[in-house]
Amino acid sequence: MFTEAIAAFAPRLPLAVAYSGGADSSALLRACAARWPGQVHAVHVHHGLQAAADGFEAHCRSTCAALGVPLVVAHVQARHARGQSPEDAARRARYAAIAEVALREWGDGGPRDVALAQHADDQVETIVLALSRGAGLPGLAAMPAQWEQGGLRFHRPLLQVPGAALRAWLAAQGAAWIEDPSNADTAYLRNRIRAELLPVLERLFPAFRSTFARSAAHAAEAQQLLRGLADQDLQATGIPPAIAALQALPRARQANALRHWLAEAHGTAPSAVQLAELLDQIDACRTRGHRLHLKVGAGFVRRSGALLGWYNPALSS
Ligand SMILES: Nc1ncnc2c1ncn2[C@@H]1O[C@H](COP(=O)(O)OP(=O)(O)OP(=O)(O)O)[C@@H](O)[C@H]1O
């Protein structure tokens, strides 16, 4: 399964592999370096978060030297904002650091494609986590196999490969990797899902990796349609949206348009309760003197004349 996934992977060359030193990215790096000799780079992100980070970097340096793969190390200090998980903050900081390395170190003729080693088990964990917090379609769509950011194209070529297949391949190569101690830390829900839930799913639904992935793909497709609809509706309502134009839309379309407006213009997301309250208020807002002022996401939505507006008092002071 792993070798088939590598054979089917068709990035632009040269290619960079995001290499943590862990099992998954070690397998990806070795397989890519063997498939495209002299055309593969590695990038390692040193997280100031863990005491062990220096050891990870040293391991990556010696492996890359042995493989003849040029390695760049980027240092980040990921701090998470309130309401953001430390893992999310680390992930965002990591992708931004990789994009910066690409600009600074690789330059013209250097890699523009970057491969990440998330696999089918990671995808299932992402879907289960999304379900557990009542996520909508964007969350259920889970991780995309490809996206663009900072002028780079990121790929996840292993999303159909079970984690065990990667480790089996690596062990057969006699290759060493680092076991990140935080992967066994049961304080992280993701690790408990991996250790406790995945074995049960395996027993009850042996095809769960591919069926869950299919559901995620359906969600991603539906989300694309909703995005298109929100774009159309926001063209009609304007940005920020006019209250009367919102009222002309069915409630579910108002909700969809409002979610997109808040996410794209303000980087914030309403809770289900906040959105329901906002929709009720918009519906009730039929007279000139009607006030509207509600906590929404990380700030407030208020009426300003014929329009809605969003502000965050912490940012505007
Ligand atoms: N410190 C890092 N430097 C570079 N790339 C990283 C780093 N951490 C993670 N990645 C990339 O992001 C992918 C997903 O990261 P995640 O933290 O979910 O997995 P991981 O447990 O670190 O994976 P691996 O077994 O490859 O170490 C990794 O497979 C790797 O390609």
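Please treat every number below as a calculation from the coordinates, not as lab data. Keep in mind the model is a prediction, meaning the values are calculated, not measured. Ideal geometry is used to build each Cβ from the backbone, glycine not excepted, and the neighbour counts take in all protein chains shown.
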Handout entry: Where labels lie 7 Å past Cα in the beta-carbon direction, separation of Asp54 and Ala314 in nm
Key = 3.4
Practice task
Provide the net charge surrounding Arg227, with neighbours chosen by a C-beta distance below 15 Å and charges set as Lys +1, Arg +1, Asp -1, Glu -1.
Solution key: -2
Handout entry: Stokes-Einstein diffusion coefficient of the chain, Kirkwood radius over Cα pairs, 20 °C, 1.002 mPa s, in µm²/s
Key = 97
Handout entry: Dipole magnitude of the chain, debye to nearest 20 (Cβ charges: Lys/Arg +1, Asp/Glu -1, about Cα centre)
Key = 820
Handout entry: In region 237-317, chymotrypsin sites (Phe, Trp or Tyr not before Pro) in a DSSP loop with at most 11 other beta-carbon atoms within 10 Å
Key = none
Problem - For Val296, distant residues with modelled amide H under 5 Å away - result: Val301
Exercise for the section: Would you please name the trypsin sites (Lys or Arg not before Pro) within region 238-317 that are DSSP coil residues with at most 14 other C-beta atoms within 10 Å of their C-beta? Expected result: Arg286, Arg288, Arg291
Fill in the blank from the handout: In units of 2.2 N^0.38 Å, the Cα radius of gyration of region 5-76 is 1.09
Fill in the blank from the handout: Here the membrane-span-like helices of the chain, with no claim about any membrane, defined by DSSP H, Cα axial extent at least 15 Å and mean Kyte-Doolittle at least -0.5, are 23-35, 53-67, 86-101, 120-132, 163-173, 208-237, 272-284
Practice task
Quick one: which residues, 5 or more positions from Val17 or on another chain, have an amide H under 5 Å from its amide H? H modelled 1.01 Å from N in the peptide plane, none for Pro or chain starts.
Solution key: His41, Ala42, Val43, Ala115
Practice task
Consider all pairwise Cα distances in region 107-163 and report the whole-number % of them above 17 Å.
Solution key: 47
